[in-house]
1. Spin-label point model (7 Å from Cα, Cβ direction): what's the GLU513 to LYS197 distance in nm?
2. For Cα pairs less than 8 Å apart in space and 6+ apart in sequence, what is the mean separation divided by the residue count of segment 346-500, i.e. the relative contact order in percent?
3. May I ask you to give the percent of accessible area on segment 472-585 that is carbon plus sulfur, with a probe radius of 1.4 Å?
4. Going by the alpha-carbon gyration tensor, a ≥ b ≥ c the square roots of its eigenvalues, is segment 168-283 rounded (a/c under 1.5) or, if a/c is not under 1.5, prolate (a/b greater than b/c) versus oblate?
5. Sorted by mean Cβ packing within 10 Å, highest first, what order do the peptides 522-535, 221-234 take?
6. With every protein chain left in place and a probe of 1.4 Å, what is the accessible surface of LYS388, to the nearest 10 Å²?
7. Full extension from LYS497 to LYS433: what is 0.36 nm times the residue separation minus their Cα-Cα distance, to one decimal in nm?
8. Too long at a 27 Å Cα-Cα cut-off: which of LYS392/LYS596; LYS320/LYS424; LYS194/LYS388?
Amino acid sequence: MMFGRGLRHARNIAVRVANGRKTRLLPVSVADANSLWNHSQMRMFAGNDDDSFQNDIVEEGESRKERPSNKLTADEMEFFHELNFENFTVDDEPTDEDDVDAELEKRKQMIDEIDKRKGRGWSDPWEITDEDWMQKRTLEDLPDWTPALCSRISIERVKVYPDGIPTLAELAKLSLPPSPPPHPALGGAKAYAKLRKKHIQDTIYAKVVATASPKIPSILKLSSWDAKQNAIDELYESVEVQLKAVEDILGRSPHFGTWVEEALEKYLRSVADKNAAEESKDTTIFDIAEEEAENDSDSSEEKAVNDVETDPVFMDLYDKEDGPKKVVPTILHPLKPHPRDGPGRMVEEWELAAHKETKRIMLRQCTQKIAQTLTEFPTSRVYVHGRKGTGKSAALAAITGSARKSGYIVLYLPDGDRLRQHGKYIEPNLKRKGIFDLPVLAQEASEQLLSSHRGDLDGMTTQKEILEIYFTEDQLKRLDLEEYTLVGLLEAAIERKSLASVCYAAVIHALMEQEEKPFLVVLDDFNCYYDYGKYFHMDYDEHVRNAIPCNQISLFKPVLDAMGMSTAEEHSAPTATIKRGGIVVGTTESHAVARKFTDALSVSAVSAQEAGGNESPLVVVDVPRYSKLESEHMISNMECIGIGRLRFDRGETVMNKNEMGYLRMVSGSVGQNLLDECVV
């Protein structure tokens, strides 16, 4: 036994002094223990046969009480030199040779048993050994990845939409797996309790129906009401006893009897209502009860079948015209890679993938809910929120690609954190008092909108009355356009920085007012616009102490007014409306935004949703963590596109239930964390 273990409990160490069959326990101080270890580097020690040994240690220990415990005198050092270390032994070491052999054999069996254990608790299948580090291999020495390296189970599991990108109407009708239930530790305690209660009620109701349905016909044949009531009471008691014998956990709840009574009453009422509706037909109550039980059984079986057969679907945004070297597909312009200009870490998966000819995003129910809202209402507002890394940016990107595939004109601003603080310079608007312009960013936004939708904007014009809202007379003269087309205004904004802000504002106004083509605004990092401002000007504050709010900056004002949200306690109605289309915004948890602003926006969104509104309803969409099924399909997709250690895994991970469970556990089923675990 290593003596170092005893140093942690030096005050309780005892030395056994072997004296025939008799032993005596002697206290050893910290100083004695340290000096013995430091002097001889021994593993074991024991006492001397001399009876004076104990007295010497005790006396010497008492004499050292007044000096530091780690100092030794010359006599003490000479005493320890004279000790016979060969006769030393530790209290828990056997003295007999047979006992020693037995102890060694026992320890060897224990070590062998531990070495045989497998799993994440005992080994790491992705561990890089010292031999691997010493091989000095470079990237050129690794074999080239090919899709043939993917396992059959991953290839069969991953389903990609046939046309690559579904339209909003197609996305709204897709059959997708359900989202995971709310987690009690992630702010959903009340929702989880409600869901859990409903699950218990449904479980008990199904078993009550199966148990009580055969006995209902005989009860209904009874002539008197008292006899029926007594039979119902006996039925309740018998059903409760039978279910208690089956339900080991629920049966121990003090509310179990109440649950059974409510379920039985609900079932009897449904049978009575159905019997009253069938009085004119030649149908017996037995047939009704049997049909009721069959319907419940069929519905549960159908639900189970749907849950099993419904698998996640991926949309693929890759375009052959872009080529494999382009990281972000053109359809998602102006999305940029992380970390400097891009939102979140969605694009990182495409950067790390060995398969460069695919850009996949998993379609989930939260994404489908956004599509359903946009297709159901002529104009709508959607507020998307969720935990960090769950896939809010991915959902907004999927909606952007699907909307552009559907023929929408999409103003996509994915980098709100950059726009709110890196506008180069700000200046007062010459026409509208109290409004400020960001010419550089307005020029950039005009270029992005024109490059993405030049074909859609061709032929679209605006009226001079709209231009007069934003342009001064001098600016209108310098514009020098025979016809006020939207393409011409955007080109003028790109060519002349001095006209960029007013041209951009006029184009956005025209798109919001027209009904020829649907217009959709998608903003990521939405809560950044409500954080402490980064733009200052003397025309707003003479002392340049207070920042200019984003709703007084011409670049952001039209979209913020259309969303109509506030960080105040009461929600505010939108002051501008998109006549055909909608606006979708998503919050960020990756950037430095004061928590009070994000929480206030969420409260405002929930209040606006509860208040309702027919003209432009607001829908709140929560992006949850992955379900178990979604996590498995996401890991299989990472193997199919060659991510991290899954690149040459050949299905070992996806076919290992323990490893899949470990990845779900350490990542919390959060997409961003899951990617990290599969890479590192």
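1. About 5.2 nm separates the two model spin labels.
2. Numbers: 116 pairs, mean separation 26.7, N = 155.
Taking the mean separation of contacting Cα pairs over the length of segment 346-500, I get 17 percent.
3. Working: 2240 of 5090 Å².
Of all accessible area on segment 472-585, carbon and sulfur atoms account for 44 percent.
4. Values: a/c = 3.20, a/b = 1.50, b/c = 2.13.
Note, shape of segment 168-283 comes out oblate.
5. Working: 522-535: 22.5, 221-234: 11.9.
Ranked by mean Cβ neighbours within 10 Å, highest first: 522-535, 221-234.
6. Ignoring ligands and nucleic acids, LYS388 comes out at about 110 Å².
7. So the chain would gain 21.0 nm between LYS497 and LYS433.
8. LYS320/LYS424
The values are calculated or read from the model by the stated rules, or taken from the named source; none is laboratory data. Here the structure is a predicted model, which means the values were calculated and not measured. Ideal geometry is used to build each Cβ from the backbone, glycine not excepted, and the neighbour counts take in all protein chains shown. The accessibility values were calculated without ligands, DNA or RNA, using every heavy atom of the protein model including side chains. Shrake-Rupley method; radii C 1.70, N 1.55, O 1.52, S 1.80 Å.
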